[in-house]
Protein chains: 2
Amino acid sequence: MDDIKSIKNSKVKELRKLYKKKYRKEKGQFILEGLRLIRGAYQAGADINNIFLSSQFYQSNKTESFLINNEDKLIFVTEQLIERVADTKNPQSVIAVVNQIKFTQDEVVAKDYILILDQIQDPGNMGTIIRTAVAAGFQSIVISKGSVDIFNLKVLRASMGAVFCLPMIKDVKIDELTKLLKAKEQTIYAADLETDSYYNDLKYKKPLSLIIGNEAHGIRKKILDRADQRTKIQLRGNIESLNAGVAAGILMFKILEDSF
Amino acid sequence: MDDIKSIKNSKVKELRKLYKKKYRKEKGQFILEGLRLIRGAYQAGADINNIFLSSQFYQSNKTESFLINNEDKLIFVTEQLIERVADTKNPQSVIAVVNQIKFTQDEVVAKDYILILDQIQDPGNMGTIIRTAVAAGFQSIVISKGSVDIFNLKVLRASMGAVFCLPMIKDVKIDELTKLLKAKEQTIYAADLETDSYYNDLKYKKPLSLIIGNEAHGIRKKILDRADQRTKIQLRGNIESLNAGVAAGILMFKILEDSF
């Protein structure tokens, strides 16, 4: 059979829809572009639905285990078509459609170290924070309504595969979730520039949650009100704030090291 | 006099040259776009050479002190011309040419907390690391040959004005500089994934320098060999590395808090 070359092919049309958040949510799927990202996701246990690739890519990467173990899921298309569909400048002739894994609220809340993200907007920040959370030792992540989609390709790239490493739930109403956390005797910490409590003066004890807020506006008040302890990083040199990813990293590593 | 509208105007030609690294170095100048960036730089003491702006911008921002105190340095151009010249999508009708401040090696080396950056390539990382260094309390920055230009507009934006807050020298041969640092009895720490010394097991004492290396390749061996102590951050959850800005932030805050 010839490689698909038409952008109007029904399978290609389905693929293209997944570049929109709305369809990713509707179908429970998302997209990965490029050898490195797909390989990492596969190794981390991602559930691959199908793979669009060129014959040339297949010839050069036959020994790649995500290809060997998904032989029935390969859809051959031309190089030109991949380039036309892909978001990345250099998509390396391969795009995978991956099924989102659904975690329950109970799975996420049963952990000792939970990261809660309230309306993070920048895809790079979101991906970096997820990657840093896994590296620090956080065990699950809760993402509020109104955040950037974690299945956005830019988030997936910045997270370097970390999104596949731990249970995550999204579109969560965090003020409601806090009741569940309190029932689990979680201490809820909140990063907040308005407090006088410096993060390195506190003693942390697990089980705990840490809330990080929006890059410009911080954590919404109704959520901040549910926190047990607000905390901030002392800034010198007339700097008003840190990059959200850097601030989250400093807090997460300190908390884990203190309480592990 | 009418606002300049020709891209061939000699002053506009000079301005456009400064979008290239080579000319920035040659002229000892660089560019800032937009009200917020220019205001921040002015407040931090930046030496403004001249300001290209539209009449409309002037009318709406007459009370801005960087305009009041630089009346003789204003060059009026059309909105269209600014948009054509500017790198930013929404340059807000103002571009400032700023004179680079030259610091001597002695000024930089005489500090208790020195950050040394070896071949950082990504402008966003460079800007974030500079901003974080100032916030942590580092007092000077050394930038190696082969790094991204700190007067690149993307670096300036990510640094949020922090480049104007402390002495910096660039295009430095770091292996040679280390002799000077040793003469000042500096302890030189190096972030290095290959060591077994975790950063939170060490005791830090000033005066000290911290070296951070390239995002992909780390610190070059000839420089690493000059360090007194290598150190790394313990990573959990199968993550191989952190974002360079996050890693630098975690190390810098820990070091300052331990030794201040």
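Condition (residue is of a type outside the set (G, A, S) and in contact with a Leu (Cβ under 8 Å, 6 or more places away or on another chain)) applied to the stretch B:165-185: is it met by at least one residue?
Taking every residue of the stretch B:165-185 in turn, none turns out to be of a type outside the set (G, A, S) and in contact with a Leu (Cβ under 8 Å, 6 or more places away or on another chain).
Residues that are in contact (Cβ under 8 Å) with a residue 60 or more places away in the chain: list the strands (runs of 3 or more DSSP E) wholly contained in the stretch B:1-110 that include at least 3 such residues. Walk me through how you get there before you give the answer.
Details: elements: B:29-33, B:47-53, B:74-76, B:94-99.
Ranges flagged: B:29-33, B:94-99.
Quick grid of which residues meet (1) of a type in the set (S, T, Y); (2) surrounded by 15 or more Cβ atoms within 10 Å (Cβ to Cβ):
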| site | (1), (2) |
| --- | --- |
| B:I7 | no, no |
| B:K21 | no, no |
| B:K27 | no, yes |
| B:F57 | no, yes |
| B:T63 | yes, no |
| B:L67 | no, yes |
| B:L81 | no, yes |
| B:D87 | no, no |
| B:Q92 | no, yes |
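Write out, first by first residue and then by second, each pair whose Cβ atoms fall under 6 Å of each other, whose residues are 6+ apart or on separate chains, and whose first residue, in the stretch B:208-232, is in contact (Cβ under 8 Å) with a residue 24 or more places away in the chain and under 19 Å from B:K184 (Cα atoms) while the second is of a type in the set (V, I, T) and in a loop (DSSP other than H, G, I, E, B).
If the second residue must be of a type in the set (V, I, T) and in a loop (DSSP other than H, G, I, E, B), the pairs left are B:I211/B:I219.
What number of residues within the stretch A:130-145 are surrounded by 24 or more Cβ atoms within 10 Å (Cβ to Cβ) and part of a loop (DSSP other than H, G, I, E, B)?
1
Do the conditions hold for A:Y198, that is, is it surrounded by 20 or more Cβ atoms within 10 Å (Cβ to Cβ), touching a residue at least 12 places away in the same chain (Cβ under 8 Å) and touching a strand residue (DSSP E or B) at 6+ places or on another chain (Cβ under 9 Å)?
Values: surrounded by 20 or more Cβ atoms within 10 Å (Cβ to Cβ): no; touching a residue at least 12 places away in the same chain (Cβ under 8 Å): yes; touching a strand residue (DSSP E or B) at 6+ places or on another chain (Cβ under 9 Å): yes.
No; evaluated as a whole, the condition is false for this residue.
Evaluate the following for A:A110: is it within 17 Å of the chain's Cα centre (by Cα) and under 18 Å from A:C165 (Cβ atoms)?
Working: within 17 Å of the chain's Cα centre (by Cα): no; under 18 Å from A:C165 (Cβ atoms): yes.
Here the answer is no, as A:A110 does not meet what is asked.
Would a scan of the stretch B:215-222 turn up a residue that is in contact with a strand residue (DSSP E or B) (Cβ under 7 Å, 6 or more places away or on another chain), surrounded by fewer than 22 Cβ atoms within 10 Å (Cβ to Cβ) and modelled with pLDDT of 95 or more? Spell out how you get there, then give the answer.
Taking the stretch B:215-222 and keeping what is in contact with a strand residue (DSSP E or B) (Cβ under 7 Å, 6 or more places away or on another chain), we get B:219.
Narrowing the set further to residues that are surrounded by fewer than 22 Cβ atoms within 10 Å (Cβ to Cβ) leaves none.
No, that holds for no residue.
Does B:A96 meet the test of being modelled with pLDDT of 95 or more, closer than 19 Å to B:R39 by Cα, surrounded by 22 or more Cβ atoms within 10 Å (Cβ to Cβ) and in contact with a strand residue (DSSP E or B) (Cβ under 8 Å, 6 or more places away or on another chain)?
Values: modelled with pLDDT of 95 or more: yes; closer than 19 Å to B:R39 by Cα: yes; surrounded by 22 or more Cβ atoms within 10 Å (Cβ to Cβ): yes; in contact with a strand residue (DSSP E or B) (Cβ under 8 Å, 6 or more places away or on another chain): yes.
When the stated conditions are applied, B:A96 passes them.
Return yes or no: is B:T187 under 22 Å from B:T104 (Cα atoms), modelled with pLDDT of 95 or more, among the hydroxyl-bearing types (S, T, Y) and crowded, with 16+ Cβ neighbours inside 10 Å? Reasoning before the result, please.
Working: under 22 Å from B:T104 (Cα atoms): yes; modelled with pLDDT of 95 or more: yes; among the hydroxyl-bearing types (S, T, Y): yes; crowded, with 16+ Cβ neighbours inside 10 Å: yes.
The answer is yes for B:T187.
Among A:S6, A:S10, which is the only one that is over 16 Å from A:F164 (Cβ atoms), in contact with a helix residue (DSSP H, G or I) (Cβ under 9 Å, 6 or more places away or on another chain) and away from every other protein chain (no Cβ under 14 Å)? First the steps, then the outcome.
Numbers: A:S10 fails: in contact with a helix residue (DSSP H, G or I) (Cβ under 9 Å, 6 or more places away or on another chain).
Exactly one residue qualifies, and that residue is A:S6.
Somewhere in the stretch A:236-248, is a residue surrounded by 15 or more Cβ atoms within 10 Å (Cβ to Cβ), part of a loop (DSSP other than H, G, I, E, B), in contact with a strand residue (DSSP E or B) (Cβ under 7 Å, 6 or more places away or on another chain) and at pLDDT 95 or above?
Among the residues of the stretch A:236-248, not one is surrounded by 15 or more Cβ atoms within 10 Å (Cβ to Cβ), part of a loop (DSSP other than H, G, I, E, B), in contact with a strand residue (DSSP E or B) (Cβ under 7 Å, 6 or more places away or on another chain) and at pLDDT 95 or above, which makes the answer no.
Return the residues of the stretch A:150-172 that are away from chain B (no Cβ under 14 Å) and more than 18 Å from A:D47 (Cα to Cα); say none if nothing qualifies. Spell out how you get there, then give the answer.
Taking the stretch A:150-172 as the starting set, the residues that turn out to be away from chain B (no Cβ under 14 Å) are A:150-153, A:156, A:169-172.
A:K170, A:D171, A:V172, listed by residue number.
Per-residue answers, yes or no, for (1) hydroxyl-bearing (S, T, Y); (2) modelled with pLDDT under 95:
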site: A:Q29; (1), (2): no, no
site: A:G34; (1), (2): no, yes
site: A:Y42; (1), (2): yes, yes
site: A:I48; (1), (2): no, no
site: A:I51; (1), (2): no, no
site: A:F66; (1), (2): no, no
site: A:N69; (1), (2): no, no
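Name every residue in the stretch A:199-235 that is facing another protein chain (nearest Cβ under 8 Å) and either of a type in the set (G, A, S) or assigned to a loop (DSSP other than H, G, I, E, B) (or both), in order of residue number. Steps first, answer last, please.
Step one: of the stretch A:199-235, the residues facing another protein chain (nearest Cβ under 8 Å) are A:200, A:233, A:235.
Residues satisfying the conditions are A:I233, A:L235.
Take the residues of the stretch A:240-258 that are touching a residue at least 12 places away in the same chain (Cβ under 8 Å) and of a type in the set (A, V, I, L, M): which is farthest from the other protein chains (Cβ to nearest Cβ)?
Initial filter on the stretch A:240-258 (touching a residue at least 12 places away in the same chain (Cβ under 8 Å)): A:241, A:243-245, A:247-256, A:258.
Applying the additional criterion that residues be of a type in the set (A, V, I, L, M) yields A:244, A:247-248, A:250-252, A:255-256.
Values: A:A244: 10, A:A247: 8, A:A248: 8, A:I250: 5, A:L251: 10, A:M252: 9, A:I255: 12, A:L256: 8 Å.
Only one residue fits best here, namely A:I255.
Select from the stretch B:132-172 the residues that are under 20 Å from B:Y19 (Cα atoms), of a type outside the set (S, T, N, Q) and in contact (Cβ under 8 Å) with a residue 60 or more places away in the chain and list them in ascending order.
Start the filter on the stretch B:132-172 by keeping residues that are under 20 Å from B:Y19 (Cα atoms), which leaves B:145-161, B:163-164, B:170-171.
Okay, now just the ones that are also of a type outside the set (S, T, N, Q), so B:145-146, B:148-151, B:153-158, B:160-161, B:163-164, B:170-171.
Of everything in the stretch B:132-172, those that are under 20 Å from B:Y19 (Cα atoms), of a type outside the set (S, T, N, Q) and in contact (Cβ under 8 Å) with a residue 60 or more places away in the chain turn out to be B:D149, B:F151, B:L153, B:L156, B:R157, B:M160, B:G161, B:F164.
Going through B:F76, B:F30, B:F103 one at a time, which residue ends up being over 24 Å from B:K170 (Cα atoms) and in contact with a strand residue (DSSP E or B) (Cβ under 9 Å, 6 or more places away or on another chain)? Reasoning before the result, please.
Details: B:F30 fails: over 24 Å from B:K170 (Cα atoms); B:F103 fails: over 24 Å from B:K170 (Cα atoms).
Answer to the check: B:F76.
In the stretch A:173-189, is there at least one residue being without any contact (Cβ under 8 Å) to a residue 60 or more places away in the chain, assigned to a loop (DSSP other than H, G, I, E, B), away from chain B (no Cβ under 14 Å) and over 30 Å from A:Y19 (Cα atoms)?
For the stretch A:173-189, residues without any contact (Cβ under 8 Å) to a residue 60 or more places away in the chain, assigned to a loop (DSSP other than H, G, I, E, B), away from chain B (no Cβ under 14 Å) and over 30 Å from A:Y19 (Cα atoms): present.
Mind listing just one residue for me: the one in the stretch A:114-129 that is surrounded by fewer than 24 Cβ atoms within 10 Å (Cβ to Cβ) and either over 17 Å from A:H217 (Cα atoms) or touching a strand residue (DSSP E or B) at 6+ places or on another chain (Cβ under 9 Å) (or both) and, of those, nearest to the other protein chains (Cβ to nearest Cβ)?
Here the residue is A:G124.
Give the residues of the stretch A:111-124 that are closer than 15 Å to A:I211 by Cβ and part of a helix (DSSP H, G or I), sorted by residue number.
Of everything in the stretch A:111-124, nothing turns out to be closer than 15 Å to A:I211 by Cβ and part of a helix (DSSP H, G or I).
The values are calculated or read from the model by the stated rules, or taken from the named source; none is laboratory data. As the structure is a prediction and not an experimental result, all values here were calculated from the model. Counting neighbours? That spans all protein chains shown, and the Cβs are built from the backbone with ideal geometry, glycine included.
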